[in-house]
1. What pairs come up if the first residue lies in the stretch A:233-261 and is over 19 Å from A:Asp151 (Cβ atoms), the second is in a loop (DSSP other than H, G, I, E, B) and among the polar types (S, T, N, Q), and their beta carbons are under 7 Å apart, counting only those six or more places apart or on different chains?
2. Return a yes/no flag: does the stretch A:48-57 have any residue that is within 14 Å of DNA strand B (Cβ to nearest atom) and either over 22 Å from A:Leu146 (Cα atoms) or modelled with pLDDT of 95 or more (or both).
3. What pairs come up if the first residue lies in the stretch A:153-169 and is without any contact (Cβ under 8 Å) to a residue 24 or more places away in the chain, the second is basic (Lys, Arg), and their beta carbons are under 8 Å apart, counting only those six or more places apart or on different chains?
4. Restricting attention to the stretch A:60-72, report how many residues are crowded, with 18+ Cβ neighbours inside 10 Å and on the phi < 0 side of the Ramachandran plot.
5. Of all the helices (runs of 4 or more DSSP H) wholly in the stretch A:175-261, which have at least 1 residues that are more than 16 Å from DNA strand B (Cβ to nearest atom) and modelled with pLDDT of 95 or more?
6. Tell me, yes or no, whether the stretch A:103-126 has at least one residue that is over 25 Å from A:Asp170 (Cβ atoms), free of Cβ contacts under 8 Å to residues at least 60 places away in the same chain and surrounded by fewer than 24 Cβ atoms within 10 Å (Cβ to Cβ).
7. Which one is nearest to DNA strand B (Cβ to nearest atom), of the residues in the stretch A:1-26 that are more than 19 Å from A:Ala192 (Cα to Cα) and of a type in the set (Val, Ile, Thr)?
8. Identify all residues within the stretch A:233-255 that are among the polar types (S, T, N, Q) and within 14 Å of A:Ala13 (Cα to Cα); write none if there are none.
Amino acid sequence: MKIATWNINGVRARIENLVAWLKESNPDIVCLQEIKCQDDAFPRLEIEALGYHVETHGQKGFNGVAILSKLKPDEVMRRLPGDEADEHARFMEAAFSVEGGAIRVASIYLPNGNPSNDPVKYPYKIGWMGRLEAYARERLALEEPLILAGDYNVIPEPHDCWDPKVWENDALFLPATRQAFRKIEHLGFTDAVRATTDGVPTYTFWDYQAGAWQKNWGIRIDHLMLSPEAADRLTSTVIEKHVRAWEKPSDHVPVAAYFSF
DNA sequence: ATGGCCGCGATCCGCGGA
């Protein structure tokens, strides 16, 4: 099974790329982030025509996540628990039946948090990460394959960006951000790309500005975090970097993991 | 690391993104 995550940066602006990529990549499950539309505006017909079920959790103008899947999900949960007042559409989870039991996949769009000295935005990010940790801890007790896939807006290590100096004071790389990420990791989750890559992996995001793609000024912020039961079945990962060179690209590229279920 | 981007939704500018 191939499970992918892709911050698509506007699904309506990117529908041609999405269709072309689905045909080429042929993933079984796709977690999308930043669909930037409400549920009824999602271009579902084009996706369903390729044989995918479509589940969305959108909002007007920005944020929004979706899960596309060849299998029909048994259940879908929208919203990250822990704050009823949080209106941002940044989280959904779907459960699927596979041979041997259930697997769970979450599509995560973790808050950016910049500017990092903002009295609201950065604390929102850190608070959201605490809620994610609480949810992840609870889910681990199920002892099921669980894949937390998405745009974490976290650069885990210095070698996950082209120049750590540049990112020093950025919300994506501050010590408190990386610490909150490690707290989740240390519950028992495996960073799928890190676990399957010898040496330095490539990046998953290149800014639109200043020729960042051409200069390879990238960062690795899109991650698939695996519960032990999922990590046991991990066979390989791929960062589908060539998609960044397509016409009208997203600034993120798809990242996928292969499993033996 | 921003002179040089991009999507969106309100209108031909502001916000959010990373």
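The values are calculated or read from the model by the stated rules, or taken from the named source; none is laboratory data. Keep in mind the model is a prediction, meaning the values are calculated, not measured. Cβ: placed from backbone, ideal geometry, glycine included. Neighbour counts: every protein chain shown.
1. A:Arg233/A:Ser260; A:Thr235/A:Ser260
2. Checking the stretch A:48-57: at least one residue is within 14 Å of DNA strand B (Cβ to nearest atom) and either over 22 Å from A:Leu146 (Cα atoms) or modelled with pLDDT of 95 or more (or both).
3. A:Glu157/A:Arg178
4. 5
5. Helices (runs of 4 or more DSSP H) meeting the threshold: A:175-185, A:192-196, A:228-231.
6. Yes, the stretch A:103-126 contains a residue that is over 25 Å from A:Asp170 (Cβ atoms), free of Cβ contacts under 8 Å to residues at least 60 places away in the same chain and surrounded by fewer than 24 Cβ atoms within 10 Å (Cβ to Cβ).
7. Among those residues, the one meeting the criterion is A:Val11.
8. Listed by number, the list holds a single entry, A:Ser250.
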